Structures are given as C-alpha cells and as structure tokens.
Amino acid sequence: MNKTYATLSSLAITGMMLAGAASCDSNKQEAKPATAKAKSEKTMQTLPNYRYVDLDTILSRYNLAKDYNEEMLRMQNNAESQMRQHQNKIQNFATTVQNKMQNNGYLSEASYKQDEQTMANMQNAAQQSMQSLQTNIAKAADQAQKTINDSINAFITDYNKTRGYDAILFKGATLYINPALDITDEVVEGLNARYNKVKK
C-alpha cells in the first residue's frame, strides 16, 4: 500500500465516521444553523446605536475637498512663481549695481544712493506682495475648510434622518472602535453623489 493510497483510505474512513455521526445526531445538526443565526441577530441587536467615520479618508476622497486642495495648490504655486520673479528681478538689479561699481559707472555718490534706494524699494515691494499673497491663501484655505466642514455636517444631518443613529463619531477621537461601525464609505459615496449633482 503506497503512501497516497493510505492517505485516501484514511480520509475515506474519517468521512464515513463523520457521516455516521451526522446521521445519528441530525437533530442537533439542524439546530446549529438556527442557533448561529439567532446569535448573529442578537449580536447586531446589541451593537451600540452609533457609527463612526474616518475624516482623513473623507477628505482624501470627497470631490469637493479634492477640488479645493487643487485650488490651494494652484494658489501656492502661483505665489512661489511670483516670489521667484521678484527674487530674479532684485538679483539682476543687484548685479547691475555691482557691475557699475566695478567699472566706475557711478559718476556721483548720489547716483549710487539712488540705485540703493531703488533696490530697497524693490525688496519692500516684493515682501509686501508676498505677504499679501500668503494672506489671501490663508483666507482661502480657511474658507475652503469651513465650506467643506459645513457640507459634511449638513450631509450627516440629512443622512441620519433616515438612519436614526444616536451619534456619528470621528474615528480620530477614539482609541479603539469596532470596525463594524464604520460608515465612511457610505458617507463618501453620498457626499460625492450630492456634490456631483450640484456641480453639473
């Protein structure tokens, strides 16, 4: 008797033993699925009547938030581009001043002082321009965050009218929470469906 045949024979014997046990205890076997189902229903009934969402996931997948992120990125890139333009302009002027000094291009101290003042004015203008841009970006970011938060809160309020949860929490505010209570995907889907409809 080879090893493979011995294994198959062993499995066959084990199968017959299990079949015999099943036929002798059919009533118990029939009762088990019903017991498991009842246990599952009991577990669902005992789950707390609250749910949670992962805010980071919502912000990364909500189309409104993604659109605002792209807008903020464009504004930041524009500010960086303007900053480089100011720097290049100032650097070019400084190089011109340096060359004039080396080649005795200044006929008087007054003309040199005038260029110094011009460069100082350029630096001040660049600084004010950048401060204004950064202020505008900060205001736009605050407004975007408020709009996103208001949108999420309004949706959750409407969403819960048909769910009746006692609370919907942020995952980040908990140390541990049962993953079965996660409704993030459902909320993201609803948010995007509503936003896409309005956007059209």
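The values are calculated or read from the model by the stated rules, or taken from the named source; none is laboratory data. Only a predicted model underlies this, so the values are computations on that prediction, with no experimental measurement involved. Every residue, glycine among them, receives a Cβ derived from its backbone with ideal geometry; neighbour counts consider all protein chains shown. To get the accessible areas, we keep the full protein, side chains included, count just its heavy atoms, and leave off ligands, DNA and RNA. Shrake-Rupley method; radii C 1.70, N 1.55, O 1.52, S 1.80 Å.
Principal axis extents for region 107-192, Cα atoms only, whole Å, descending order, please.
Cα extents, longest axis first: 83, 27, 19 Å.
What FRET efficiency comes out for Met122 versus Arg74 if R0 is 30 angstrom and r is the Cβ-Cβ distance? Round to the nearest 0.05.
0.70
What is the distance in Å between the Cα centroid of region 136-200 and that of region 58-111?
If you average the Cα positions of each part, the centres end up 38 Å apart.
Near Met72, within a Cβ-to-Cβ distance under 13 Å, what is the net charge of the other residues, with Lys and Arg +1 and Asp and Glu -1?
My count for the surroundings of Met72 gives -2.
Would any residue of region 53-85 have its amide N under 12 Å from a label point 7 Å out along Cα→Cβ of Thr147? List them or say none.
Within reach of a label on Thr147, which here means backbone N under 12 Å from a point 7 Å along Cα→Cβ, region 53-85 contributes 64-72.
For the pair Asn63/Glu189, report the inter-label distance in nm, with labels modelled 7 Å from Cα in the Cβ direction.
Going from the Asn63 label point to the Glu189 one covers 1.6 nm.
Per residue, how large is the accessible surface of region 61-165? Use a 1.4 angstrom probe and give square angstrom.
Ligands and nucleic acids excluded, the result is 68 Å² per residue.
Would you mind calculating the gained length between Asn136 and Glu109 on full extension (0.36 nm times residue separation, minus the Cα-Cα distance), in nm to one decimal?
5.7 nm
Computing the accessible area with a 1.4 Å probe over protein heavy atoms, can you report the carbon and sulfur percentage for region 54-196?
Carbon and sulfur atoms account for 49 percent of the accessible area of region 54-196.
Quick query: amide H of Leu169 versus all other amide H atoms, modeled in the peptide plane; which residues come in under 5 Å with a sequence gap of 5 or more or a different chain?
Arg51, Tyr52, Val53
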